[in-house]
1. Subtracting the Cα-Cα distance from 0.36 nm times the residue separation, let me have the gained length for ASN93 to GLU196 in nm, one decimal.
2. Pop out the ³J(HN,Hα) list for the stretch 195-205 in order, Karplus 6.51 cos²θ - 1.76 cosθ + 1.60 with θ = phi - 60°, rounded to Hz; leave Gly and Pro as x.
3. For the stretch 295-310, in order, what is each residue's ³J(HN,Hα) by Karplus, 6.51 cos²θ - 1.76 cosθ + 1.60 with θ = phi - 60°, in whole Hz (x at glycine and Pro)?
4. Can you list the residues, at least 5 places off or on another chain, whose amide H is less than 5 Å from the amide H of TRP190, using H built in the peptide plane?
5. Which of the lysines could be linked to LYS323 by a straight reach, that is with a Cα gap under 23 Å, when you skip same-chain ones fewer than 8 residues away?
6. Explain nothing, just the number: relative contact order of the stretch 133-253, from Cα pairs under 8 Å at least 6 residues apart, as a whole percent.
7. In whole Hz and in residue order, list the ³J(HN,Hα) couplings for the stretch 229-245 that follow from phi through the Karplus curve 6.51 cos²θ - 1.76 cosθ + 1.60, θ = phi - 60°; x for Gly and Pro.
8. Provide the FRET efficiency to the nearest 0.05 for the LYS337-VAL157 pair, computing r from the beta carbons and using R0 = 30 Å.
Amino acid sequence: MPPRSRHPLLLLLLLLLLVVLARAAVPHGGAEEEEAAACAAANRTGGAAPLRPDRLTVLVSGYSERRLPLLRAVAAAYAAHPLVLTVVVLWCNPSTPDSLLLRGGGGFPPRIKLRRAASASFNSRFLPRPSDIRTAAVAVADDDVLPDAAALSFAFVAWQQAAAGSPAATGPLVGFFPRSHHLDLSRRRWAYTAAEPGRYSMVLTKFMVLGAGFLYRYSCSPELAAARAVVDRERNCEDILMNFVAAEESGAGPVLVEAGGIRDWGDPRNDANAGGGGEDGGAMRDVGLSATGGLGHWEKRGECITEFHRILGRMPLRYSYGKVVEATVGEQGLCSKGGLLVRCDE
């Protein structure tokens, strides 16, 4: 009797492989559905009550379960500010159980809305969210950065003044953490760089204030679909793309402001044993949604700028010069060094 054929087993293994590959090919299906739903909701509420110009919505993104105590403290500090109407905590880790997020009879104080993202897509932090955002200005922030009350107020007022002079009343981006770009002629591509003295072209989502309309433009514009796909593929660069959007819509570069102090637990210049909010110190720098660093990080972000330019067919980023206070351009983050809170660049 001839040996039994192994073809059925091989076919079964091939079928299983195809299923795995098919799932891997669409890792952001949940994100795409969430994006479509948010844009549809924004379209339905287009004629709703006007957005409040006198208050601010704060969107704080979180991912690391180890940083939940800090996230709760940061969100509560924002909610206590008199200019803040609503704080929205966007949780971007789909694997976190509800019991952990909602620990202690709700997990977050009043005036704080907890929203779970459908996926870990970085694009989720810029969804329009019309049911949550009732203000003309939105502050987008990381979970390991907290400006003090004076810094937050100053940034909001700076945005209001810039928006008042903007044709679309959206204003440019306003932030504390500047970056820049330049054309690398030898490599024929764009490079992502630290801000030069007196000149910058981007602000980071560590903390930025923007017009609420930019969220719709970023998330719902078909022209930006390929650029959003780059963000998903690289798991990076969503802030760069928002700077592209804001520069093109406002016709101006970002505004760098300095006031008060900004505690930055995630800055690598903190002491390794510098804890915060009950956390375990230096390990906090490596557990965020985008825990990347080093030269590869800067290289990747330069590639993003080059790719966004290629997709759009134009370079909308604009340089800004100086800032709203008297000082040289520099970051204002406060780090723990030698047991003291000092500016991170000291």
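1. 33.6 nm
2. My calculation for the stretch 195-205 gives 5, 7, x, x, 9, 7, 9, 8, 10, 8, 7 Hz in order.
3. Taking θ as phi minus 60°, the curve returns 5, x, 5, 5, 5, 4, 6, x, 5, 5, 4, 4, 5, 4, 4, 5 Hz for the stretch 295-310.
4. ASP184, THR306
5. Filter leaves LYS206.
6. Dividing the mean separation by the residue count of the stretch 133-253 yields 30 percent.
7. Each residue's phi maps through the Karplus curve to give 5, 5, 4, 5, 5, 8, 6, 5, 6, 5, 5, 5, 5, 5, 5, 4, 4 Hz.
8. 0.45
Read the figures in this text as sums done on the coordinates, not as results from a lab. Computed from a predicted structure; not experimentally measured. Heads up, the Cβs are rebuilt from the backbone with ideal geometry, glycines too, and the neighbour counts pull from every protein chain shown.
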